[in-house]
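I have placed the structure first, in the form of C-alpha coordinates, so that the comments after it can refer back to it.
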Amino acid sequence: MARAAGVSQATVSLVLGEKWSGRVSERTAEAVRAAARELGYRPNLAARSLRLGRTRTALLVVPALTTEFFARVYTGAERVAAGHGFGVVLYPSPEGVGPARDPFDPARASLDGVIASSMAADALAAVRGGGLPLVMLDSDPDDAAAAATVNLDIADGARQAAAHLLALGHRRVAHLAAAVDSWTFRVRARALAEAVGEVPGATVCAEPAGLSVEEGRQAAERVLGRPGPRPTALVCDDDILAAGACKAARRLGLRVPDDISVTGFDDLALATAVDPELTTVRLPAEAVGAAGMRALLTLLDGETPQDTTLPVELIPRASTAPPPAN
(Lines give C-alpha, C1' and ligand atoms only; values in the text may rest on other atoms or scores of the structure.)
Protein backbone atom coordinates (compact mmCIF):
# COMPACT_ATOMS: atom_id res chain seq x y z
CA MET A 1 0.00 0.00 0.00
CA ALA A 2 2.89 2.37 0.81
CA ARG A 3 4.33 1.71 -2.66
CA ALA A 4 0.95 2.35 -4.34
CA ALA A 5 0.49 5.65 -2.49
CA GLY A 6 4.11 6.73 -2.94
CA VAL A 7 4.67 7.20 0.78
CA SER A 8 6.46 5.47 3.64
CA GLN A 9 5.01 2.65 5.71
CA ALA A 10 5.04 4.96 8.71
CA THR A 11 2.80 7.42 6.85
CA VAL A 12 0.37 4.62 5.95
CA SER A 13 0.21 3.62 9.62
CA LEU A 14 -0.52 7.20 10.66
CA VAL A 15 -3.33 7.61 8.16
CA LEU A 16 -4.98 4.23 8.68
CA GLY A 17 -4.62 4.66 12.44
CA GLU A 18 -6.38 8.05 12.19
CA LYS A 19 -3.34 9.80 13.73
CA TRP A 20 -2.25 11.76 10.67
CA SER A 21 -3.77 15.14 11.49
CA GLY A 22 -0.97 17.71 11.90
CA ARG A 23 1.65 15.21 10.75
CA VAL A 24 0.91 14.70 7.05
CA SER A 25 -1.01 16.77 4.54
CA GLU A 26 -4.64 16.20 3.57
CA ARG A 27 -3.45 15.40 0.03
CA THR A 28 -1.12 12.68 1.32
CA ALA A 29 -3.79 11.26 3.60
CA GLU A 30 -6.23 11.08 0.70
CA ALA A 31 -3.60 9.34 -1.45
CA VAL A 32 -3.24 6.66 1.23
CA ARG A 33 -7.02 6.26 1.54
CA ALA A 34 -7.35 6.00 -2.25
CA ALA A 35 -4.67 3.30 -2.35
CA ALA A 36 -6.46 1.44 0.45
CA ARG A 37 -9.74 1.53 -1.47
CA GLU A 38 -8.07 0.40 -4.69
CA LEU A 39 -6.34 -2.50 -2.96
CA GLY A 40 -9.50 -3.52 -1.08
CA TYR A 41 -7.94 -2.88 2.32
CA ARG A 42 -10.15 -3.66 5.32
CA PRO A 43 -8.92 -2.80 8.82
CA ASN A 44 -8.67 -5.54 11.44
CA LEU A 45 -11.04 -3.98 13.95
CA ALA A 46 -10.37 -6.61 16.60
CA ALA A 47 -6.63 -5.95 16.49
CA ARG A 48 -7.19 -2.20 16.51
CA SER A 49 -9.46 -2.48 19.54
CA LEU A 50 -6.84 -4.46 21.44
CA ARG A 51 -4.14 -1.99 20.51
CA LEU A 52 -6.13 1.11 21.42
CA GLY A 53 -7.90 -0.37 24.44
CA ARG A 54 -11.25 0.47 22.85
CA THR A 55 -14.08 -1.52 21.36
CA ARG A 56 -15.27 1.39 19.18
CA THR A 57 -18.80 0.74 20.36
CA ALA A 58 -21.30 3.19 21.84
CA LEU A 59 -24.54 2.36 23.61
CA LEU A 60 -27.62 4.43 22.74
CA VAL A 61 -30.35 4.18 25.39
CA VAL A 62 -33.81 5.44 24.45
CA PRO A 63 -37.40 4.84 25.56
CA ALA A 64 -39.31 1.97 23.95
CA LEU A 65 -39.47 2.57 20.20
CA THR A 66 -43.17 3.45 19.98
CA THR A 67 -42.60 6.22 17.41
CA GLU A 68 -40.01 6.89 14.75
CA PHE A 69 -38.51 9.83 16.65
CA PHE A 70 -35.91 7.74 18.48
CA ALA A 71 -35.32 5.61 15.39
CA ARG A 72 -34.30 8.87 13.70
CA VAL A 73 -32.04 9.69 16.65
CA TYR A 74 -30.33 6.33 16.12
CA THR A 75 -29.96 7.00 12.39
CA GLY A 76 -28.15 10.27 13.09
CA ALA A 77 -25.86 8.73 15.72
CA GLU A 78 -25.05 5.72 13.57
CA ARG A 79 -24.18 7.86 10.54
CA VAL A 80 -21.58 9.85 12.49
CA ALA A 81 -20.28 6.73 14.25
CA ALA A 82 -19.79 4.87 10.97
CA GLY A 83 -17.72 7.72 9.61
CA HIS A 84 -15.31 7.22 12.52
CA GLY A 85 -15.21 3.42 12.51
CA PHE A 86 -17.58 3.08 15.47
CA GLY A 87 -20.69 0.99 15.93
CA VAL A 88 -23.83 1.90 17.87
CA VAL A 89 -25.75 -0.60 19.97
CA LEU A 90 -29.38 0.47 20.40
CA TYR A 91 -31.07 -0.29 23.71
CA PRO A 92 -34.75 0.65 23.87
CA SER A 93 -35.75 0.62 27.55
CA PRO A 94 -38.27 -2.25 27.77
CA GLU A 95 -40.36 -0.39 30.33
CA GLY A 96 -40.72 2.63 28.05
CA VAL A 97 -39.84 5.59 30.26
CA GLY A 98 -39.50 3.89 33.64
CA PRO A 99 -36.78 1.93 35.45
CA ALA A 100 -35.15 -0.93 33.61
CA ARG A 101 -32.45 -3.49 34.28
CA ASP A 102 -28.87 -2.52 33.51
CA PRO A 103 -28.74 -3.58 29.84
CA PHE A 104 -25.08 -4.52 29.56
CA ASP A 105 -23.85 -5.09 33.11
CA PRO A 106 -21.82 -8.24 32.29
CA ALA A 107 -20.30 -6.61 29.22
CA ARG A 108 -19.79 -3.02 30.31
CA ALA A 109 -16.12 -3.34 29.46
CA SER A 110 -17.15 -3.85 25.83
CA LEU A 111 -18.54 -0.32 25.58
CA ASP A 112 -16.63 2.91 25.09
CA GLY A 113 -19.43 5.27 26.11
CA VAL A 114 -23.15 5.89 26.45
CA ILE A 115 -25.59 8.28 24.78
CA ALA A 116 -28.97 8.41 26.50
CA SER A 117 -32.32 10.16 26.31
CA SER A 118 -33.47 11.83 29.51
CA MET A 119 -36.76 9.95 29.10
CA ALA A 120 -34.87 6.67 29.63
CA ALA A 121 -32.57 8.00 32.36
CA ASP A 122 -33.84 5.57 34.99
CA ALA A 123 -32.52 2.71 32.89
CA LEU A 124 -29.01 4.07 33.43
CA ALA A 125 -28.59 3.90 37.20
CA ALA A 126 -25.87 1.26 37.01
CA VAL A 127 -24.24 2.60 33.85
CA ARG A 128 -23.97 6.10 35.37
CA GLY A 129 -21.81 4.67 38.12
CA GLY A 130 -19.71 2.54 35.81
CA GLY A 131 -17.21 5.19 34.79
CA LEU A 132 -18.27 5.30 31.15
CA PRO A 133 -18.44 8.67 29.38
CA LEU A 134 -22.10 9.72 29.30
CA VAL A 135 -23.77 12.13 26.87
CA MET A 136 -27.37 13.01 27.70
CA LEU A 137 -29.95 13.99 25.09
CA ASP A 138 -32.82 16.40 25.79
CA SER A 139 -31.70 16.60 29.38
CA ASP A 140 -31.10 19.10 32.17
CA PRO A 141 -27.80 20.82 31.30
CA ASP A 142 -27.07 21.09 35.04
CA ASP A 143 -27.07 17.28 35.43
CA ALA A 144 -23.66 16.62 36.97
CA ALA A 145 -23.70 12.95 35.90
CA ALA A 146 -23.47 13.85 32.22
CA ALA A 147 -20.14 14.81 30.69
CA ALA A 148 -22.05 16.64 27.94
CA THR A 149 -25.64 17.39 26.94
CA VAL A 150 -27.33 17.78 23.57
CA ASN A 151 -30.64 19.60 23.79
CA LEU A 152 -33.38 20.86 21.56
CA ASP A 153 -34.61 24.39 22.19
CA ILE A 154 -37.81 22.94 23.61
CA ALA A 155 -38.76 26.14 25.44
CA ASP A 156 -38.63 28.08 22.19
CA GLY A 157 -40.79 25.42 20.53
CA ALA A 158 -43.46 25.87 23.19
CA ARG A 159 -43.23 29.63 22.80
CA GLN A 160 -43.60 29.33 19.02
CA ALA A 161 -46.75 27.21 19.42
CA ALA A 162 -48.19 29.65 21.94
CA ALA A 163 -47.37 32.68 19.78
CA HIS A 164 -49.02 31.06 16.75
CA LEU A 165 -52.25 30.36 18.62
CA LEU A 166 -52.32 33.72 20.38
CA ALA A 167 -51.80 35.53 17.07
CA LEU A 168 -54.81 33.66 15.68
CA GLY A 169 -56.85 35.07 18.56
CA HIS A 170 -57.02 32.12 20.97
CA ARG A 171 -57.31 33.05 24.64
CA ARG A 172 -58.49 29.76 26.20
CA VAL A 173 -55.74 27.18 25.78
CA ALA A 174 -55.53 23.67 27.21
CA HIS A 175 -52.23 21.80 27.49
CA LEU A 176 -52.32 18.01 27.06
CA ALA A 177 -49.22 17.44 29.17
CA ALA A 178 -47.28 14.17 28.98
CA ALA A 179 -47.62 12.32 32.27
CA VAL A 180 -43.87 11.68 32.35
CA ASP A 181 -41.54 13.14 34.97
CA SER A 182 -38.89 14.32 32.52
CA TRP A 183 -36.93 17.54 32.12
CA THR A 184 -38.10 18.06 28.55
CA PHE A 185 -41.80 18.00 29.47
CA ARG A 186 -41.31 20.25 32.49
CA VAL A 187 -39.60 22.81 30.24
CA ARG A 188 -42.47 22.69 27.73
CA ALA A 189 -45.09 23.22 30.43
CA ARG A 190 -43.25 26.13 32.00
CA ALA A 191 -42.55 27.90 28.70
CA LEU A 192 -46.12 27.50 27.49
CA ALA A 193 -47.60 28.83 30.74
CA GLU A 194 -45.25 31.82 30.71
CA ALA A 195 -45.97 32.68 27.06
CA VAL A 196 -49.76 32.49 27.47
CA GLY A 197 -49.58 34.36 30.77
CA GLU A 198 -47.98 37.36 29.10
CA VAL A 199 -51.20 38.10 27.13
CA PRO A 200 -53.99 39.79 29.09
CA GLY A 201 -57.11 37.66 29.29
CA ALA A 202 -55.37 34.50 28.05
CA THR A 203 -55.44 31.36 30.20
CA VAL A 204 -53.96 27.89 30.01
CA CYS A 205 -54.97 24.77 31.92
CA ALA A 206 -52.99 21.54 31.98
CA GLU A 207 -54.39 18.02 31.68
CA PRO A 208 -51.99 15.06 32.15
CA ALA A 209 -52.04 12.27 29.59
CA GLY A 210 -50.08 9.11 28.94
CA LEU A 211 -48.16 9.01 25.68
CA SER A 212 -50.66 7.14 23.52
CA VAL A 213 -53.46 8.01 21.13
CA GLU A 214 -56.05 6.51 23.46
CA GLU A 215 -54.87 8.39 26.53
CA GLY A 216 -54.63 11.56 24.48
CA ARG A 217 -58.22 11.06 23.39
CA GLN A 218 -59.39 10.52 26.96
CA ALA A 219 -57.55 13.60 28.23
CA ALA A 220 -58.98 15.77 25.46
CA GLU A 221 -62.49 14.51 26.15
CA ARG A 222 -62.09 15.41 29.82
CA VAL A 223 -60.95 18.93 28.95
CA LEU A 224 -63.53 19.56 26.26
CA GLY A 225 -66.40 18.05 28.24
CA ARG A 226 -66.07 20.14 31.39
CA PRO A 227 -68.69 22.73 32.34
CA GLY A 228 -67.95 26.36 31.50
CA PRO A 229 -66.26 28.01 28.53
CA ARG A 230 -64.53 25.40 26.41
CA PRO A 231 -60.88 25.82 25.37
CA THR A 232 -60.49 26.85 21.76
CA ALA A 233 -56.99 25.37 21.35
CA LEU A 234 -55.22 22.22 22.54
CA VAL A 235 -51.42 22.24 22.77
CA CYS A 236 -50.19 18.64 22.90
CA ASP A 237 -46.78 17.47 24.09
CA ASP A 238 -46.33 15.22 21.07
CA ASP A 239 -48.01 14.29 17.81
CA ILE A 240 -49.40 11.04 19.25
CA LEU A 241 -51.36 13.00 21.85
CA ALA A 242 -52.47 15.44 19.17
CA ALA A 243 -53.87 12.57 17.10
CA GLY A 244 -55.85 11.47 20.15
CA ALA A 245 -57.08 15.04 20.65
CA CYS A 246 -58.35 15.18 17.06
CA LYS A 247 -60.13 11.87 17.60
CA ALA A 248 -61.80 13.23 20.75
CA ALA A 249 -62.97 16.33 18.89
CA ARG A 250 -64.65 14.20 16.22
CA ARG A 251 -66.38 12.05 18.85
CA LEU A 252 -67.74 15.19 20.51
CA GLY A 253 -69.02 16.54 17.22
CA LEU A 254 -66.37 19.27 17.01
CA ARG A 255 -64.51 20.21 13.84
CA VAL A 256 -60.74 20.73 13.69
CA PRO A 257 -59.85 23.57 13.24
CA ASP A 258 -63.24 25.31 12.92
CA ASP A 259 -64.29 24.59 16.50
CA ILE A 260 -60.99 23.62 18.13
CA SER A 261 -57.37 24.09 17.07
CA VAL A 262 -54.77 21.40 17.82
CA THR A 263 -50.95 21.52 17.84
CA GLY A 264 -48.36 18.82 18.42
CA PHE A 265 -44.62 18.31 18.94
CA ASP A 266 -42.09 16.21 16.96
CA ASP A 267 -43.39 16.35 13.35
CA LEU A 268 -43.66 12.60 12.99
CA ALA A 269 -44.94 11.00 9.76
CA LEU A 270 -48.26 10.88 11.60
CA ALA A 271 -48.50 14.69 11.44
CA THR A 272 -49.26 14.62 7.72
CA ALA A 273 -51.21 11.33 7.83
CA VAL A 274 -54.04 12.75 9.94
CA ASP A 275 -56.79 14.91 8.44
CA PRO A 276 -56.50 17.84 8.77
CA GLU A 277 -52.72 17.78 8.71
CA LEU A 278 -51.21 18.74 12.03
CA THR A 279 -49.61 22.02 13.00
CA THR A 280 -46.61 20.90 15.04
CA VAL A 281 -43.15 21.80 16.31
CA ARG A 282 -40.54 20.04 14.20
CA LEU A 283 -37.74 18.47 16.27
CA PRO A 284 -34.61 17.53 14.26
CA ALA A 285 -34.20 14.01 15.63
CA GLU A 286 -31.36 12.91 13.33
CA ALA A 287 -29.40 16.04 14.19
CA VAL A 288 -29.82 15.22 17.90
CA GLY A 289 -28.35 11.74 17.43
CA ALA A 290 -25.52 13.05 15.26
CA ALA A 291 -24.61 15.77 17.77
CA GLY A 292 -24.72 13.24 20.60
CA MET A 293 -22.30 10.93 18.82
CA ARG A 294 -19.95 13.80 17.96
CA ALA A 295 -19.93 14.85 21.62
CA LEU A 296 -19.08 11.29 22.70
CA LEU A 297 -16.26 11.06 20.15
CA THR A 298 -14.87 14.33 21.48
CA LEU A 299 -14.92 12.92 25.02
CA LEU A 300 -13.14 9.76 23.87
CA ASP A 301 -10.43 11.93 22.32
CA GLY A 302 -9.78 13.39 25.75
CA GLU A 303 -11.38 16.75 25.01
CA THR A 304 -14.37 18.53 26.55
CA PRO A 305 -17.32 19.01 24.17
CA GLN A 306 -19.49 22.07 24.40
CA ASP A 307 -23.10 21.57 25.41
CA THR A 308 -25.28 21.84 22.31
CA THR A 309 -28.75 23.33 21.83
CA LEU A 310 -30.41 22.73 18.46
CA PRO A 311 -33.13 25.01 17.07
CA VAL A 312 -36.69 23.81 16.49
CA GLU A 313 -39.34 25.09 14.09
CA LEU A 314 -43.11 25.44 14.17
CA ILE A 315 -44.70 23.97 11.04
CA PRO A 316 -48.16 25.55 10.56
CA ARG A 317 -50.62 23.25 8.83
CA ALA A 318 -54.39 22.84 8.66
CA SER A 319 -55.20 21.91 12.29
CA THR A 320 -55.08 25.51 13.54
CA ALA A 321 -57.27 28.49 12.65
CA PRO A 322 -58.83 31.50 14.43
CA PRO A 323 -61.22 30.52 17.25
CA PRO A 324 -64.93 30.35 16.54
CA ALA A 325 -66.89 33.55 17.05
CA ASN A 326 -68.72 33.60 20.37
Charge dipole of segment 154-284 about the Cα centre (unit charges at C-beta), most positive-ward option of T263, P227, V213
P227
Cα centroid of segment 184-256 to Cα centroid of segment 257-326, whole Å
18 Å
Rounded to 0.05, the calculated FRET efficiency for the beta carbons of A325 and A163 at R₀ = 30 Å is 0.85
Let me cross-check I240: its accessible surface, 1.4 Å probe, with only protein heavy atoms counted, in Å² to the nearest 10?
30 Å²
Taking every pair of distinct Cα atoms and averaging 1/r, then inverting, what Kirkwood hydrodynamic radius in Å comes out for segment 207-309?
15.3 Å
Exposure ranking of D153, D258 by accessible area [1.4 Å probe, largest first]:
D258, D153
Pull out a ≥ b ≥ c, the square roots of the eigenvalues of the alpha-carbon gyration tensor of segment 173-234, then state rounded if a/c is under 1.5, prolate if not and a/b is larger than b/c, and oblate in the remaining case.
oblate
What is the Rg over Rh value, at two decimals, for segment 241-285, using alpha-carbon atoms and the Kirkwood definition of Rh?
0.98
Regression test value, accessible area per residue of segment 143-272, probe 1.4 Å, units Å², expected 39 Å²
With a 1.4 Å probe and all protein chains left in place, how much of the accessible area of segment 154-284 comes from carbon and sulfur atoms, in whole percent?
51 percent
Would you work out if segment 154-284 is rounded, prolate or oblate? Take a ≥ b ≥ c from the square roots of the eigenvalues of the alpha-carbon gyration tensor; rounded if a/c is under 1.5, else prolate when a/b is larger than b/c, oblate otherwise.
rounded
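The values are calculated or read from the model by the stated rules, or taken from the named source; none is laboratory data. Everything numeric here is computed off the predicted structure, so don't read it as measured data. Backbone-built Cβ (ideal geometry, glycine too); neighbour counts: all protein chains shown. Accessible surface areas use protein heavy atoms only, side chains included; no ligands, DNA or RNA. Shrake-Rupley method; radii C 1.70, N 1.55, O 1.52, S 1.80 Å.
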